[in-house]
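As structure tokens, the structure follows; a few thoughts come after it.
The values are calculated or read from the model by the stated rules, or taken from the named source; none is laboratory data. Please read all numbers here as calculations on a predicted model, not as lab measurements. Glycine gets a Cβ as well: all are built from the backbone with ideal geometry, and neighbour counts include every protein chain shown. Areas reflect the complete protein model, heavy atoms only, side chains present, ligands, DNA and RNA absent. Shrake-Rupley method; radii C 1.70, N 1.55, O 1.52, S 1.80 Å.
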Amino acid sequence: MPRHAEEILEFNRLRDLLQLRTTSALGHRAIAALEFRTDRSQLKREFSVIAEATAYLRFGEELGFGALADPEPWLERLGMPSAVLTPAELLDAASLIDTTAWLREAFRESSAKFPLLTERVRALGDFRFLASAIRRAILPNGDISDNASPELRRIREGIARTRENLHKTLERILRARGNESGGDYITRRNDRYVIPVRASERRTIEGVVHAASATGQTVFVEPLETIEVNNRLVQLSEEEAAEIARILEELTGKLAAERAPLAHAAAAIAEMDGLFARARFAREYDACIPEFTDEATIALDAARHPVLESTLRAQGRSVVPLTLSLVNAESVLVISGPNTGGKTVALKTVGLAVLAAQSGIPVAAQSARLGIFDRVLADIGDEQSIAADLSTFSAHMLNLKSILGTLTQRSLVLLDEMGTGTAPEEGAALAVALLEEFRRRGCLVLATTHHDRLKSYASTTPGVLNAAVEFDEERLAPTYRLRVGVPGGSSGITIARKLGLPERVIAQANELMTPAAREAADLIAYLHRSRDQLEQMQHDLAEQARQLEAERRALREEWIARQRGRIAELEKQFAAALAEYERQMTRAIEAVKDRELRGQIEKQSRRKLLEARGEARSEADAAVVAHLSESQADLGVALGTGDTARPPSPEELVAGVRVRVRGLPSPVLLRRRDGMSAEIEAGPLRMKVPLAEITAIVAEGEAKRMAGGSVAAKAARASSSGVTVHSAPADSETGGTAGEINVIGCTVEEATRRVDKFIDTAALEGAPQVRVIHGHGTGALRRGLAEFLSTHPLVESVHAEAQERGGTAVTLVELRG
């Protein structure tokens with residue numbers, strides 16, 4: 001990858017942005033080492049890990065290595081023969097070991113959520129034994145601990161005793177001399193302990209003079225009787241230094257034996273820090289993971305130049321994103337428009353997106369679909385060189401010559417202001433010839449220009465597209481939006497008029513323009529107006545579609561709410577009618593004086609009541625279904641939907657298939673066919689419908705997708721609050737199965753209602769007993785149900801279940817025969 005293109009496109013400044021998001025010197029160097037690559041599989045693997053790191057951050061976690069000292073210096077020294085690390089370097093090595101252990105622990109339980117990150121740390125070695133040895137020998141301040149070795153402890157204990165004896169002797173000498181010594185303190189000179197004596201009294205004490213004060217009035221004397229003790233102290237200090245050197249050499253040797261695994265750990269930490277720096281960048285700049293294709297493609301949605309965005313953020317401004325798509329069939333894009341309109345920014349944005357993607361850096365865009373390019377070649381900016389005696393035009397020509405000599409079909413070429421620096425006609429002709437050469441070579445080219453001839457070339461040549469950077473002529477400011485498919489106008493005369501140049505100058509300028517130039521300008525203006533109108537129409541249509549969808553959802557929600565209300569009212573009326581019927585029956589039975597006769601009548605009446613309840617609820621079911629069908633049909637008309645599929649033949653209607661019934665949008669189960677009708681099951685509802693109402697057979701996959709989500713399913717669940725008596729094998733509303741009902745979590749009122757319905761159903765089916773599962777809890781639910789069941793006309797007796805089958809958490813209800 002030529003350094004020239006990286007510099008032009010500010011790739012190094014992108015690296016700087018990433019390095020600001022690293023947490024260690026290792027990560028900083030890892031980002032600096034990122035380079036342009038062409039191995040697609042390697043890039044895909046790397047971006048997969050970056051995606052995991054981004055997800056890791058999104059979960060609110062962080063991964064930083066701020067406490068890690070840079071291991072590179074001591075790792076390098078560790079490879080030198082006879083090198084011995086200093087205590088500070090050994091502590092840095094312990095820091096690396098601690099960080100490695102922490103990293104392994106951080107991902108110990110994350111293999112399911114972050115398999116790729118976990119894989120990178122799982123292979124790290126366990127060097128904690130080395131860290132323990134280092135910290136046992138070296139204190140945090142870098143001093144060697146007494147515990148570093150038994151020999152060092154022995155030597156230091158000897159030093160302490162010798163120094164203590166020496167001090168006692170010197171103190172005794174000082175006390176014996178009184179105030180004649182000129183001082184009463186002990187000090188050191190030449191690594192030996194001495195006492196101060198006045199120079200005039202030097203001969204009053206036998207010993208060795210080691211130094212004198214600056215004035216010469218005081219000398220520092222080592223008394224003869226302490227010379228031997230001082231010698232012993234010096235000897236012990238030398239033994240201490242030798243033992244410390246031995247300890248450091250031993251620790252260095254242990255590290256050297258693990259140098260390769262330690263270097264691997266440092267490299268893994270560098271990689272992790274670099275990966276998470278890129279993940280932070282992706283999060284902060286809303287960058288995406290690029291998708292790579294086999295074709296030479298550039299498809300960017302809302303791309304931004306991150307370096308420019310960083311600069312504008314500091315000023316409280318934002319970047320206008322760029323969207324474009326180029327594929328093999330369209331290999332050349334000619335961008336035109338006024339100066340300062342953003343043409344060069346567009347080139348740099350595209351070029352930097354490709355460099356970033358092929359260097360393992362997320363692309364600052366909503367989405368990026370890119371081919372793998374073998375190189376990015378750029379000729380952007382003023383290349384004039386006084387030292388080389390080159391004009392701007394000559395410098396551009398030399399760059400273009402170099403590009404032509406190195407490009408391939410897999411190259412991306414970025415060319416700024418083609419045809420400038422010479423006579424307009426010559427420059428335009430040369431630019432067209434160059435673009436045609438690039439097109440024949442098959443590479444992908446983005447070029448900016450002011451020349452109308454290049455715009456015409458792009459309009460009439462297959463595989464070449466025009467694009468324009470917008471300019472707001474009212475505000476005299478660029479919008480920086482790129483519009484592919486139309487050429488841009490230079491707008492020079494228009495801008496001059498807006499800026500207040502005399503009208504006669506403007507008029508003469510217009511007259512001096514060639515007819516062809518005026519026609520081209522008018523055509524470009526017309527194209528832009530047409531494009532604006534088309535975009536406005538698309539926007540209006542999209543807005544209308546959104547409003548229609550919102551109205552559709554509102555109608556459906558309103559319908560669901562209305563049906564629930566109506567079904568609830570039917571349930572209320574039905575319950576009231578049953579209660580009134582039962583009260584009247586009870587009063588009639590109580591009027592019978594004969595006890596035996598009254599008992600017979602009561603038993604017969606209870607059975608008749610059950611039958612009446614069953615018949616009434618069947619009629620209620622039919623009314624609800626009819627009501628739902630009619631209302632749903634009305635809703636289908638209102639929403640513009642309806643059954644249009646071919647009705648299935650009777651032979652296709654076999655038990656077990658899921659079918660659509662007219663008016664019910666969710667599939668239902670066909671239980672059996674009987675002549676010209678069929679029994680269907682919709683949630684807890686079972687009913688008969690004419691075969692003509694069955695509109696289609698639903699595939700299993702579609703039935704599963706729609707289960708639980710349709711209006712009919714919701715309506716069925718709403719209706720199951722009390723109007724049905726035929727329970728399916730698994731009752732989703734009651735939470736029960738055949739012979740038992742689970743009301744754990746219900747209020748007493750809700751549990752009473754559900755158990756009452758369940759007992760009615762069980763009695764109709766001839767069940768001798770049922771189980772009510774209510775749990776222990778506070779006991780309120782069990783007591784409330786017991787009180788209700790004790791007065792229930794269908795209940796013979798209630799008692800707790802056997803201990804091995806639930807005990808007091810389950811009530812066993814014996815039903816009357």
Normalised per residue, the volume of the convex hull around the Cα set of region 159-245 (Å³): 87 Å³
Local electrostatic count at G64 - Lys and Arg +1, Asp and Glu -1, tallied over other residues with Cβ under 11 Å: -1
Simple spin-label estimate for T406 and A242 in nanometres, 7 Å along Cα-Cβ: 6.4 nm
Nonlocal amide H pairs with T22, under 5 Å, H built at 1.01 Å: none
Heavy-atom SASA rank of Y285, Y480 (probe 1.4 Å, accessible area, largest first): Y480, Y285
Under-5 Å amide H pairs with L333, H placed in peptide plane, nonlocal only: V445, L446, A447, L465
Region 78-182: GluC sites (Glu not before Pro) falling in loop per DSSP and having at most 12 other Cβ within 10 Å: E109
For S359, distant residues with modelled amide H under 5 Å away: R37
Residue-level accessible surface for I560, protein heavy atoms, 1.4 Å, Å²: 20 Å²
Accessible area of M397 in the full protein assembly, 1.4 Å probe (Å², nearest 10): 60 Å²
Under the Karplus curve 6.51 cos²θ - 1.76 cosθ + 1.60, θ = phi - 60°, whole-Hz ³J(HN,Hα) for region 797-814, x wherever Gly or Pro sits: 7, 10, 7, 5, 6, 4, 4, 6, 10, x, x, 6, 7, 10, 9, 9, 10, 8
Region 183-288: C-alpha gyration tensor shape, a/c 1.5 cut-off, then a/b vs b/c: oblate
Förster-model FRET efficiency, 51 Å R0, Q600 and R552, C-beta, rounded to 0.05: 0.25
Backbone HN-Hα couplings from phi across region 37-48 [Karplus 6.51/-1.76/1.60, Hz, Gly and Pro as x]: 10, 10, 7, 4, 5, 5, 5, 4, 4, 5, 5, 5
P(r) tail fraction, region 1-81 - alpha-carbon pairs more than 16 Å apart, %: 69 percent
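Please list the three semi-axes, largest first and in whole Å, of the ellipsoid equivalent to region 99-252, using sqrt of 5 times the eigenvalues of its alpha carbon gyration tensor.
55, 15, 12
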³J(HN,Hα) computed for each position of region 775-782 - Karplus, 6.51 cos²θ - 1.76 cosθ + 1.60, integer Hz, glycine/proline x: x, 8, x, 8, x, 5, 5, 4
Heavy-atom accessible surface of region 753-793: percent carbon and sulfur, 1.4 Å: 54 percent
FRET efficiency for E171 and K254, using Cβ-Cβ distance with R0 set to 45 Å, rounded to 0.05: 0.50
Solvent-accessible surface (1.4 angstrom probe) belonging to M537, in square angstrom, nearest 10: 120 Å²
Overall Cα dimensions of region 81-128, principal axis frame, Å, largest first: 45, 19, 13
FRET E, pair E72, A51, Förster distance 41 Å, beta-carbon r, rounded to 0.05: 0.90
